[in-house]
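The values are calculated or read from the model by the stated rules, or taken from the named source; none is laboratory data. Just so it is clear, the structure is predicted and the values come from calculations on it, not from any experiment. With ideal geometry, Cβ positions are generated from the backbone for all residues, glycine too; neighbour counts draw on all protein chains shown. These accessible areas exclude ligands, DNA and RNA; they are computed on the full protein's heavy atoms, side chains included. Shrake-Rupley method; radii C 1.70, N 1.55, O 1.52, S 1.80 Å.
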Amino acid sequence: MNALRIRGGRRLTGEWTVHSAKNAVLPIMAASILTEEETILTGCPVLSDIGYMGDILETLGCRVWRQEGGIHIDPQGICSYEMPDALSKKIRSSIFLMGPILARFGKAAVTFPGGCEIGLRPIDLHLSGLRQLGVEIREEGGMIYCDGSRMRAGSVHFDYPSVGATENVMMAAVLLRGRTVLHNVAREPEIVDLQNFLCRMGANINGAGSHTIVVEGVKKLHGIAYQPMPDRIVAGTLLAAAAATGGSIQLHHSPCQDLCAVFAKLREMGCVITEKEQTACLHAPDRLNAFQLLQTQPHPGFPTDMQVQMLALAAMAKGTSVVVENVFENRFTHAGDLNRMGANIWVNGRTAVVKGVERLYGARVSARDLRGGAALAVAALAAEGETVIEHAELIDRGYERLEDMLCALGADAGRMDTGAESAGRKTT
Ligand code: UD1
């Protein structure tokens, strides 16, 4: 257990290069077992969730190692179709392996996945998509047994455009004979990245980024080297961090085209943002203005993974902002900690009303999930005095040493070991 320590009040300035996206790397790692050849993923950050995915692949029989900043996955020795229970509970993305394992073995045994506690996060859409491809699914004693012996290409309709379910079913269909059409799919950029990766391996897939994905089955895929897309949420968080301090920063390897909704809100708050290919420059005013209404939606709507960071900005802005969270049920858990720092946030169900205050104050607060933890860091950068954010290991799920990024931009931030003090506390 450890904590982030941030002393607020310094304007962020300078440049940073954004690392690859956790949410792109994880499904791509799962997809690597669709071939018998080695996959090399370059430019991948060191994140605990990526480490857990590597551990799960090793338990299944793959060899996974890091070399010169790349993740190597050799799936030749894969021998198990059964997901390890304890490891699967550590990350939600373990469920992404269901489709690839089915494609590889014709059967799969998985447990219900874990992950950040930001809502109910059921997997019914994953199961329904696979059932529509003919997979027989039985749930017993906390395990899900999938029999894919009668799996065939066909038509799949999702009741809701779930990111993970879209990716899972896409991967399950890649090696099926014939055409599979997925309707009402999620349109997130990480799905486009997965399509690009699979096509480079020899798959025939079209339509990612639109409402319909068409998979023409192929017999075999081969191993490749690939650099997953940059992380739009890390980029967005750093822009929010700079905005909180009245700063001026430049981000390289930043997926500007995927950040439209975030840029629009930051501009509404008074920031000047210029974008050129993969570089974004933000110049923030001394004091941000409130935004009128921020509603999270599936892509290309405002991303739920940036909502809490914007809540932190609204807390210090001039005027009243309203935030509606439409994607997950439980994503305002950090409002209490922000209020402890002096914010004035009122939450009712999926809606938060934020009356901006002139000043936030440093406090001892606690990360309860990945993005919420990052949002507390955003608030801390603007706060007077020192903030200690406990359970920073949750932030490490998606940001490779957030404090290093912030220090490189001029913040006063560091890490503290709170081991003994926090022992026994539940983590997600
Ligand atoms: C992915 C991202 C996560 C992001 C989310 C929404 C990864 C590793 N994680 O999560 O960071 O916050 O997209 O952009 O890529 N749902 C169901 N049944 C299902 C699946 C989902 O009801 O079977 C619900 C969820 O509870 C949630 C909503 O659908 O309310 C969106 O979830 P989904 O798009 O599946 O998100 P994830 O793939 O879990």
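Relative to 2.2 N^0.38 Å, what does the C-alpha radius of gyration of the chain come to as a ratio? Two decimals please.
Values: Rg = 21.4 Å, N = 428, 2.2 N^0.38 = 22.0 Å.
Rounded to two decimals, the normalised Rg is 0.97.
Looking only at the chain, where both bridge partners belong to it, what percent of the DSSP beta bridges are antiparallel (to the nearest 5)? Walk me through the numbers before you get to the answer.
Numbers: 55 of 76 bridges.
Antiparallel: roughly 70 percent of the beta bridges in the chain.
For a test of the definition: using alpha carbon positions, the gyration tensor, and the 1.5 limit on a/c, classify segment 268-427 as rounded, prolate or oblate.
Numbers: a/c = 1.40, a/b = 1.22, b/c = 1.14.
In terms of gyration-tensor shape, rounded.
Using helices alone, what [θ] at 222 nm do you get for the chain, with -39,500 (n - 2.57) per DSSP H run of 4 or more residues, divided over all residues and rounded to the nearest 500? Can you show the working numbers first?
On the way: 14 runs with 129 residues, N = 428.
Helices in the chain give a 222 nm mean residue ellipticity of -8500 deg cm²/dmol.
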Q: State the extension gain, in nm to one decimal, for the chain segment bounded by Asp124 and Glu216, taking 0.36 nm per residue of separation less the distance between their alpha-carbons.
A: 30.6 nm
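Suppose every K and R has +1 on its Cβ and every D and E has -1 on its Cβ; what is the size of the dipole of the chain about the Cα centre, in Debye to the nearest 20? Before the final figure, lay out the partial values.
Numbers: 42 positive and 46 negative charges, 133 e Å.
Result for the chain is approximately 640 debye, rounded to the nearest 20.
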Q) If each of Arg287 and Thr274 carries a label point 7 Å out from its Cα toward its Cβ, how far apart are those two points in nm? A) 2.8 nm
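For Met1 and Glu139 in the same chain, what is the full-extension length gain: residue separation times 0.36 nm, less their Cα-Cα distance, in nm?
Details: separation 138, 0.36 × 138 = 49.68 nm, distance 3.46 nm.
Result for the pair: 46.2 nm of gain on full extension.
Give me the number: length gained by fully extending Ser80 to Thr59, i.e. 0.36 nm times residue separation minus the C-alpha to C-alpha distance, one decimal in nm. Kindly include the intermediate steps, with their values, before the conclusion.
Numbers: separation 21, 0.36 × 21 = 7.56 nm, distance 0.80 nm.
Using 0.36 nm per residue and subtracting the Cα-Cα distance, I get 6.8 nm.
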Q | Accessible area per residue, Å², segment 180-317 with all protein chains present, probe 1.4 Å | A | 33 Å²
**Q.** Under 5 Å, built H, 5+ apart or other chain: amide partners of Asn344
**A.** Lys355, Val357
Q) If Lys and Arg each add +1 and Asp and Glu each add -1, what is the summed charge of the other residues whose beta carbon sits under 12 Å from the beta carbon of Glu403? A) 0
Q) Which pairs break 25 Å Cα to Cα here: Lys89/Lys220; Lys90/Lys220; Lys107/Lys219; Lys276/Lys318? A) Lys89/Lys220; Lys90/Lys220; Lys276/Lys318
Q: Find which of Ile71, Leu34, Asn326 sits farthest along the positive direction of the dipole of the chain, computed with +1 on the beta-carbon of Lys and Arg, -1 on that of Asp and Glu, about the Cα centre.
A: Asn326
Q. Hey, rough spin-label estimate for Arg340 and Asp147, points 7 angstrom out along Cα→Cβ, what's it come to in nanometres?
A. 5.2 nm
(Q) Between Glu386 and Arg200, what is the label-point separation in nm under the 7 Å Cα-to-beta-carbon projection? (A) 4.4 nm
